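Everything below concerns the one structure shown next.
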Amino acid sequence: MLALLAAASQPENLSILSPASPSAESIKGLLILVCAITGGILVLVEGILIYALVRSRRRAGRDDAEPPQVYGSKPIEIAWTVAPGIVVFVLVLLVGRVLWEVRPDADKPPPGAKPLYVTVVGHQWWWEYRYDSYDGRELGITTANELHIPVSEPGKPPRPVYLNLQSADVCHSFWVPRLGGKTDLLPGRANTMWLQADQTGLFLGQCAEYCGTQHANMLLRVVVESPEEFERYLAEEAKPAIDPTEKTALADKNTFRSLSCVNCHTIRDKQDTRVNGTFGPDLTHLMARKTIASGMVENTPENLRKWVLSPNSIKPGCLMSGFELNEREMNSVIGYLKSLK
Ligand code: CUA
């Protein structure tokens, strides 16, 4: 039991049977109830079948004459039409209740709540997070692949998280099993969903709609932290990138700015307006992220170098190309990226 509980708190745990959010809790309840009802029906039907097989099997010493043939019986026919009808009706009611419970009402958070609003944009094959507002404060922070949210502690104001889900290209689906059900991100429309984590920790998930070659590596990481830690995270993310003053660091930055990286990536900087591409992830605080390539590999200098040199070596089919940088440019780019704390 202890081992099971320990496993439940591991980030590798993706089971919908260990929910950490009210909507995931409702889905788990529905799953168990539906399995119990359908399991009961299975046992009943198979039981009658086995009973009939055993009871009416051919036995020695009995004649082989045909048993009496019965044609039609109104009461039995009514019974086996009405009973499944009732079962289906009950299932529809149960599903309807859960649909109601998991339905987000972003315009009306519960009274006293401190809601967080985030726009999630699915890209081939990474996640963009735009923090819109928290507890009534406008945020305007953009980051990628690692979503930080505050925990809702019992007895304190709830901190629901409302996600506005959009897509930049094809259909994706946001699914962090322990925090809620799947919701699709569709081009040309916005879907909404809500989460409310009741424990801190790392929660993993996965794009749940086939979206191209790297669909399986479009991983989700949700970091649930205490309200204080979350405030610190917001404060750090809101800052512009550190401006290098030292000579080599400045040269690294200028090299980066002279390369085509700037066409796709944004680095918010005090005076710089040139690094403002939106096709790829925002790199302003790249080093605050534990992973790169949408959760595929750890964010270490070696992996970063491998990635910049040849993104395809880590993520085949990736839409970022390797730009065949020479050794000097490579060192400068990695040097600059490492400074983006
Ligand atoms: Cu995005 Cu599958």
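The values are calculated or read from the model by the stated rules, or taken from the named source; none is laboratory data. Since we're looking at a predicted model, the values are computed, not measured. Neighbour counts run over all protein chains shown; Cβ positions are idealised from the backbone, glycine included.
Is one or more of the residues making up the stretch 95-105 of a type in the set (K, R) and within 30 Å of P316 (Cα to Cα)?
First pass over the stretch 95-105, keeping only residues of a type in the set (K, R): 97, 103.
This time we only want the ones that are within 30 Å of P316 (Cα to Cα), so: none.
No - not one qualifying residue is present in the stretch 95-105.
Report whether or not D252 is surrounded by 15 or more Cβ atoms within 10 Å (Cβ to Cβ), in contact with a Ser or Thr (Cβ under 7 Å, 6 or more places away or on another chain) and more than 30 Å from Y134 (Cα to Cα). Can you show your working first?
Details: surrounded by 15 or more Cβ atoms within 10 Å (Cβ to Cβ): yes; in contact with a Ser or Thr (Cβ under 7 Å, 6 or more places away or on another chain): yes; more than 30 Å from Y134 (Cα to Cα): yes.
Against the criterion (surrounded by 15 or more Cβ atoms within 10 Å (Cβ to Cβ), in contact with a Ser or Thr (Cβ under 7 Å, 6 or more places away or on another chain) and more than 30 Å from Y134 (Cα to Cα)), D252 qualifies.
Taking the condition of being buried (at least 19 other Cβ atoms within 10 Å of the Cβ) and closer than 24 Å to I292 by Cα, how many residues in the stretch 119-141 meet it?
Initial filter on the stretch 119-141 (buried (at least 19 other Cβ atoms within 10 Å of the Cβ)): 120-129, 131, 134, 141.
Still in the running and closer than 24 Å to I292 by Cα: 120-129, 131, 141.
Of the residues in the stretch 119-141, 12 are buried (at least 19 other Cβ atoms within 10 Å of the Cβ) and closer than 24 Å to I292 by Cα.
In this structure, is F230 of a type in the set (F, W, Y), part of a strand (DSSP E or B), in contact with a strand residue (DSSP E or B) (Cβ under 7 Å, 6 or more places away or on another chain) and in contact (Cβ under 8 Å) with a residue 60 or more places away in the chain?
No; evaluated as a whole, the condition is false for this residue.
Output the residues belonging to the stretch 161-180 that are touching a helix residue (DSSP H, G or I) at 6+ places or on another chain (Cβ under 9 Å) and more than 16 Å from the ligand (Cβ to nearest atom). Don't jump to the end; show me each part of the working.
Looking only at the stretch 161-180, we keep the residues that are touching a helix residue (DSSP H, G or I) at 6+ places or on another chain (Cβ under 9 Å), and these are 172, 176-180.
If the condition is that a residue be touching a helix residue (DSSP H, G or I) at 6+ places or on another chain (Cβ under 9 Å) and more than 16 Å from the ligand (Cβ to nearest atom), then R178, L179, G180 are the ones that fit.
Conditions (1) surrounded by 10 or more Cβ atoms within 10 Å (Cβ to Cβ); (2) within 16 Å of the ligand (Cβ to nearest atom); (3) within 30 Å of P187 (Cα to Cα), marked per residue:
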position	(1), (2), (3)
V54	no, no, no
A60	no, no, no
A65	no, no, no
V70	no, no, no
P75	no, no, no
V95	yes, no, yes
V102	yes, no, yes
D107	no, no, yes
L116	yes, no, yes
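Considering only the stretch 230-238, I want to know if a residue exists there that is in the same structural domain as P150 (by TED's automatic domain parsing), aromatic (F, W, Y) and within 16 Å of the ligand (Cβ to nearest atom).
No - not one qualifying residue is present in the stretch 230-238.
Taking only the stretch 204-221 into account, find how many residues are modelled with pLDDT of 95 or more and either of a type in the set (S, T, Y) or more than 16 Å from the ligand (Cβ to nearest atom) (or both).
Final tally of qualifying residues: 1.
Kindly indicate which of T291, T255 is more than 19 Å from V176 (Cα to Cα), of a type outside the set (D, E) and either out of contact with any Pro (no Cβ under 6 Å at 6 or more places or on another chain) or away from the ligand (no atom under 16 Å from the Cβ) (or both).
T255
Can you tell me which residues in the stretch 273-328 are among the small types (G, A, S), surrounded by fewer than 16 Cβ atoms within 10 Å (Cβ to Cβ) and touching a residue at least 40 places away in the same chain (Cβ under 8 Å)?
Correct list: A288, G317.
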